[in-house]
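Here the structure is laid out as structure tokens; the discussion comes afterwards.
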Amino acid sequence: MPRILPLFPLNLVVFPGEKLNLHIFEPRYRQLVRDCIESDLTFGIPPYLNDGVSELGTEVRLLSVEKAYDSGELDIKTKGVGVFRIREFYREAPGKLYAAGQVDTIEDDPGEDPTLKVRINEYVRQLYDTLGLRKIFLDLPPNYRIYDIAHNLGFSTEQEYQLLQATSELERQSMVLEHLENVLPIILETERLKERARLNGHFKNLTPPNF
């Protein structure tokens, strides 16, 4: 059933399960946070792309207010809980300063392909090793979702939005696998060239081939 959801458009993509810290300074969003606290509301973050509010966004729940400033500004912690589609956008919710939308919740199929996950794991391990980010991969739980690594795969904001449009984990796996197969050879070659440039002019201790 469609419902009214307060909206906080931002120039980024938030994924379900993601924890996002925000500094709130505009009066309209300070009002939004107060309403979330007083009425236990969630709110939506639709990406602002191509000079417009996107059709899809991520519903988030306020976890805590970490700091309230004398100026009225706030530091808050939030967490993504699901994806929605905007049916109708309102610049201002009735009687409010902030935007809102009539939205539908997007159902997601969490089923994944274990074979694809093994291949993705290997590619991600190579990528993170090359970029010096291996600890991030080691800290991931075995049952991690694509959403949990999507911000660390070299996607553009537009590509991240395409991931948000996918309605199953299997579809996201396929998208990530294709992306990694395309970008990993380029990244590995770039790092190889950087290492060659770094060693240029150094005395090299090389073992000649035995022939």
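The values are calculated or read from the model by the stated rules, or taken from the named source; none is laboratory data. For clarity, every value in this text was computed on a predicted model and none was experimentally measured. Counting neighbours? That spans all protein chains shown, and the Cβs are built from the backbone with ideal geometry, glycine included. Note: areas computed on protein heavy atoms with side chains; ligands, DNA, RNA excluded. Shrake-Rupley method; radii C 1.70, N 1.55, O 1.52, S 1.80 Å.
Couple of notes before you dig in:
- The long axis of helix 27-39 is offset from the longest Cα principal axis of the chain by roughly 80 degrees.
- Highest-MSF residue in the chain out of D108, D40, D139 [GNM, Cα springs under 10 Å]: D139
- The charge dipole of the chain, taken about the Cα centre with unit charges on the Cβ atoms of Lys, Arg (+1) and Asp, Glu (-1), comes to about 720 debye, rounded to the nearest 20.
- Ligands, DNA and RNA left out, the accessible area of the chain computed with a 1.4 Å probe is 51% carbon and sulfur.
- Residue separation of D70 and R28 scaled by 0.36 nm, minus their Cα-Cα distance, works out to 13.4 nm of gained length.
- The Cα center of region 1-55 and the Cα center of region 71-136 differ in position by 12 Å.
- Segment Y90-R119, extension gain: residue separation times 0.36 nm, minus the distance between their alpha carbons: 6.1 nm
- Extension reserve of the N182-E38 stretch, reckoned as 0.36 nm per residue once the Cα distance is removed: 47.1 nm
- Amide H contacts for G17 (H built 1.01 Å from N in the peptide plane; partners 5 or more residues away or on another chain; cut-off under 5 Å): G80, V81, G82.
- Listed residues S174, S71, S156, most fluctuating in the chain (Gaussian network, C-alpha, under 10 Å): S71
- Solvent exposure of region 106-198 as accessible area per residue, Å², 1.4 Å probe: 59
- Under 5 Å between amide hydrogens, built in the peptide plane, is the criterion, and for G101 it picks out L5, L7, Y90 among residues at least 5 positions away or on other chains.
- Residue-count net charge about N11 - beta-carbon cut-off 13 Å; Lys, Arg +1, Asp, Glu -1: -3
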